[in-house]
1. Those residues that are among the charged types (D, E, K, R) and buried (at least 24 other Cβ atoms within 10 Å of the Cβ), I need them from segment 64-88; list them, please.
2. Would you check which residues across segment 116-153 are in a loop (DSSP other than H, G, I, E, B), farther than 22 Å from Leu44 by Cβ and not polar (S, T, N, Q) and list them?
3. Which residues, taken from segment 45-73, are among the hydrophobic types (A, V, I, L, M, F, W, C) and closer than 30 Å to Asn209 by Cα?
4. Looking only at strands (runs of 3 or more DSSP E) that lie completely in segment 1-115, which have at least 3 residues being among the hydrophobic types (A, V, I, L, M, F, W, C) and at pLDDT 95 or above?
5. Go through (1) touching a residue at least 40 places away in the same chain (Cβ under 8 Å); (2) touching a Leu at 6+ places or on another chain (Cβ under 7 Å) and name the single condition Pro149 misses.
6. Say whether the condition of being in contact with a Lys or Arg (Cβ under 9 Å, 6 or more places away or on another chain), of a type in the set (A, V, I, L, M, F, W, C), under 23 Å from Gly60 (Cβ atoms) and buried (at least 23 other Cβ atoms within 10 Å of the Cβ) is met by at least one residue in segment 112-126.
7. Take Tyr171 and tell me if it is touching a residue at least 24 places away in the same chain (Cβ under 8 Å), farther than 17 Å from Leu74 by Cα and assigned to a loop (DSSP other than H, G, I, E, B).
8. If Ala57 meets every condition in (1) within 14 Å of the chain's Cα centre (by Cα); (2) small (Gly, Ala, Ser); (3) under 25 Å from Lys35 (Cα atoms); (4) surrounded by 22 or more Cβ atoms within 10 Å (Cβ to Cβ) apart from one, which number is that one?
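The values are calculated or read from the model by the stated rules, or taken from the named source; none is laboratory data. Computed from a predicted model, the values in this text were never measured in an experiment. Here the Cβ is made from the backbone with ideal geometry for all residues, glycine too, and neighbour counts use every protein chain on show.
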Amino acid sequence: MAVVVVVAALVIVGISKNSNSGPLREPAPQAAVTKITNVPSSVLTAAAGKISNLYPAVPGISGPLNAAGKPELLYIGAEFCPFCAAERWPLIIALSKFGTFSNLQQTHSAVTDGDVGTWSFYGSTYTSPYLTFTSIENETNTYKTLQTPTASEQAIWTANETKYLGQGGSYPFIDIAGKYLMLSAQYDDSIVYNKSFSTILSTVGSNNNTVGASIDAAAAAMTKYICDVTGNKPATVCSEFSSVQAPVDNTASGGNSASSSAG
């Protein structure tokens with residue numbers, strides 16, 4: 001799939017800014033957090049064998065990204081954004097293999113932007129001995145400014161997106177230690193449009209439907225990307241994902257065909 005097509009969908013400028021998008025966010029139920037952060041690796045790798053059309057990562061151009069002496073995964077998104085809403089599901093599953101979240105929030109994308117049940121990183125914390133996770137929810141689901149990147153984060157965001165998308169400022173932006181970038185949801189976000197948080201949650205860890213299998217496969221690929229930048233640590237996790245194909249387009253400058261895999 002040509003990146004030109006993806007870019008057209010990704011450059012979000014705040015559609016229907018006067019729409020009533022409902023409540024902003026609330027603490028996620030503990031049962032939901034427990035489920036999303038404990039999906040068995042065997043389920044994820046099985047899904048990776050079923051779903052072969054994930055969007056690939058592309059190489060970062062800003063050099064290694066580190067924080068607190070560890071590789072850094074930088075996420076910049078917005079709560080109104082349906083692509084971000086879709087991508088937070090596999091991102092949380094994958095990151096939970098390397099560390100621990102607290103205070104995750106439940107929300108949804110804007111009603112006029114897919115109304116996708118999802119999570120928010122706003123107010124959450126993440127701890128890991130293997131990597132640093134920096135999350136910025138730039139706007140609410142009513143298109144209000146929420147969190148602002150630092151000057152250096154903004155520069156990384158702008159430079160990388162300008163290279164691949166022709167301009168900066170689109171969501172989501174995921175920089176995996178400066179080595180890999182994810183500039184879209186890893187799977188077709190339209191499959192979760194108008195689905196509630198509880199409905200999507202019920203599919204996670206179940207590979208017998210398109211939504212669940214796509215989320216789980218994306219989480220497997222994201223885990224593989226992260227393993228590649230942590231030096232395959234922890235070994236107990238990364239060994240389980242060694243055969244997963246995590247697509248990377250090393251020729252990207254407007255093209256979006258997977259030409260290799262992470263690791």
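1. Of the residues in segment 64-88, the ones among the charged types (D, E, K, R) are 70, 72, 79, 87-88.
Scanning segment 64-88 gives Glu79, Glu87, Arg88.
2. Across segment 116-153, the qualifying residues are Tyr122, Gly123, Tyr143, Lys144, Leu146, Pro149.
3. Quick first cut of segment 45-73, residues among the hydrophobic types (A, V, I, L, M, F, W, C) only: 46-48, 51, 54, 57-58, 61, 65, 67-68, 73.
Within segment 45-73, Ala46, Ala47, Ala48, Ile51, Leu54, Ala57, Val58, Leu73 meet the criteria.
4. On the way: elements: 25-27, 70-77, 100-102, 105-108.
Fully inside segment 1-115 and qualifying: 70-77.
5. (2)
6. So far as segment 112-126 goes, yes, one or more of its residues are in contact with a Lys or Arg (Cβ under 9 Å, 6 or more places away or on another chain), of a type in the set (A, V, I, L, M, F, W, C), under 23 Å from Gly60 (Cβ atoms) and buried (at least 23 other Cβ atoms within 10 Å of the Cβ).
7. Numbers: touching a residue at least 24 places away in the same chain (Cβ under 8 Å): yes; farther than 17 Å from Leu74 by Cα: no; assigned to a loop (DSSP other than H, G, I, E, B): yes.
Against the criterion (touching a residue at least 24 places away in the same chain (Cβ under 8 Å), farther than 17 Å from Leu74 by Cα and assigned to a loop (DSSP other than H, G, I, E, B)), Tyr171 does not qualify.
8. Failed condition: (3).
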